[in-house]
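The values are calculated or read from the model by the stated rules, or taken from the named source; none is laboratory data. Worth saying up front: this structure is predicted, and the values here are computed from it rather than measured. Note: ideal-geometry Cβ built from the backbone for every residue, glycine included; neighbour counts use all protein chains shown.
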Amino acid sequence: MQLNPIGIAVPFFFLLMAVEVVVSRVQRRRVYRFNDTIADLTCGMGDQLIGLVVKAATLAIYVAVFNAYSLTEWPIDAAWTWAVGIVGVDLAYYAYHRFSHLVNLGWATHVVHHQSEEYNLAVALRQPWFAQVYGWVFYVPFAVLGLPPFVYATSYALNLIYQFWIHTRLIDRLGPLEWVMNTPSHHRVHHGTDPEYVDKNYAGIFIIWDRMFGTFVEENHEPTYGTLKPLRSWNPLWANVGPIVALVVGSANLDRWSDKIRLWCAPPGWTPDGVEHPDFPSAGRGYDADGPRGLHPYVFSHLAPVSVATGLVIAFDRIAPAVWLAGAAIYIAWTGLGWAGMFERRGWALPMEISRLATLTITGVICAAAMGGLWWGAAAAVAVASGASGAWLWRVRAELRPAV
């Protein structure tokens, strides 16, 4: 049985987030906002759901190149193969990450990871949805060199898992490790919008790449987190699609075809000769749209089953029936969009959430009728929970309506 290591790590991610919350409370520091955290998590869930299809396809490309063009095959049971694989994949990640900041196409698909104005472990899970469509290009040369697909896939997953813990403000400098490893201090710089911090410290695991290639900056003050152009929305769909739409519109508005094409490859902020450079807004930070009192515990009570569903979908993506994966993916995406809409008091959010609860109840009854036994108890529990949730939503419906 082959389980996805990222799916296995999901419960530990949430456990460490809980530890970070407790420690920050003890230190009397506010490092989390609930609405912002939910936006981070729903972006991460969406990334993993899209990855069910995209990552399978990109891994298939790697395997095809490996089988057809590999110059040799490194022994999968040799320690040096794994060492070179982990270091090599990290170097490829550095190249991809630097590209994603210095080229408009890359930034439009990566910026979502930087949109939060907080810096905590939840931000680590705020992953872009569409970068994985082309990110494989930076890793496929290792297929030609002979790195076995299993070693590549595992090294890639471990690279992402490593980066989780460096998204925290609660860990200071780590002594000699700072010279070689990427640490919270180094990565805080990367998320900063301060002029001296922008486009620095691209490392995944090893900070040596930034030191070697001239992109390293040491943290000398607490960064201002976020992006130069704030998103001002909790919607995970718009967070990922909005920057691409802006790039499409910007390209369409240019007169010369050469400029239309060049815009996609140019650095963020580039404009053709004769076109005024747009100013980044000086205001717009501090977005904190929230729903009625009680929305936080409501969403929190639903977070556990959604998180469990996400972890199971990711962990068993290679062995579970496609219909189960698709159903869970729809449920998770539906939930995330509804939550974002309720925080922002969108008119469509309440009907969306009520319909989700109704669909969940009906699905539970259908499963119980098909499988019987203990499933009837589970279906009854889902129906009771959904009914209670619907009653609460109906009671606060006026507070969920858009402000006039």
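Just need a number here: residues in the range 56-96 that are closer than 15 Å to Asn159 by Cα and at pLDDT below 95.
Here the count works out to 0.
When you go through Ala153, Ala157 one by one, which is the residue that is surrounded by 20 or more Cβ atoms within 10 Å (Cβ to Cβ), in a helix (DSSP H, G or I) and modelled with pLDDT under 95?
Residue meeting the stated conditions: Ala153.
Can you pull out every residue in the range 279-323 that is assigned to a loop (DSSP other than H, G, I, E, B), hydrophobic (A, V, I, L, M, F, W, C) and modelled with pLDDT under 85?
Phe280, Ala283, Phe316, Ile319, Ala320
Conditions (1) assigned by TED's automatic domain parsing to the domain that holds Val384; (2) without any contact (Cβ under 8 Å) to a residue 60 or more places away in the chain; (3) over 22 Å from the mean Cα position of the chain (by Cα), marked per residue:
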position: Ala333; (1), (2), (3): yes, no, no
position: Leu337; (1), (2), (3): yes, no, no
position: Met342; (1), (2), (3): yes, yes, no
position: Arg346; (1), (2), (3): yes, yes, yes
position: Ile366; (1), (2), (3): yes, yes, yes
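Output the helices (runs of 4 or more DSSP H) that fall wholly within the range 190-266 and possess 3 or more residues being without any contact (Cβ under 8 Å) to a residue 12 or more places away in the chain and more than 23 Å from Leu160 (Cα to Cα), or say none.
Here the list reads 236-252, 257-265.
Phe66: within 30 Å of Pro243 (Cβ to Cβ) and either touching a residue at least 24 places away in the same chain (Cβ under 8 Å) or hydroxyl-bearing (Ser, Thr, Tyr) (or both), yes or no?
Taking the combined requirement at face value, the residue does not satisfy it.
Could you tell me how many of the residues in the range 122-142 are in contact with a Ser or Thr (Cβ under 6 Å, 6 or more places away or on another chain) and in a helix (DSSP H, G or I)?
Number of matching residues: 3.
Just to be sure, is Thr81 assigned to a loop (DSSP other than H, G, I, E, B), out of contact with any Cys (no Cβ under 8 Å at 6 or more places or on another chain) and over 18 Å from Pro267 (Cα atoms)?
Considered against the rule, which asks whether it is assigned to a loop (DSSP other than H, G, I, E, B), out of contact with any Cys (no Cβ under 8 Å at 6 or more places or on another chain) and over 18 Å from Pro267 (Cα atoms), Thr81 comes out as no.
Is it the case that some residue within the range 320-338 is under 16 Å from Glu399 (Cβ atoms) and out of contact with any strand residue (DSSP E or B) (no Cβ under 7 Å at 6 or more places or on another chain)?
yes
Please indicate, with yes or no, whether at least one residue in the range 25-44 is at pLDDT below 90, out of contact with any helix residue (DSSP H, G or I) (no Cβ under 8 Å at 6 or more places or on another chain) and assigned to a helix (DSSP H, G or I).
No, that holds for no residue.
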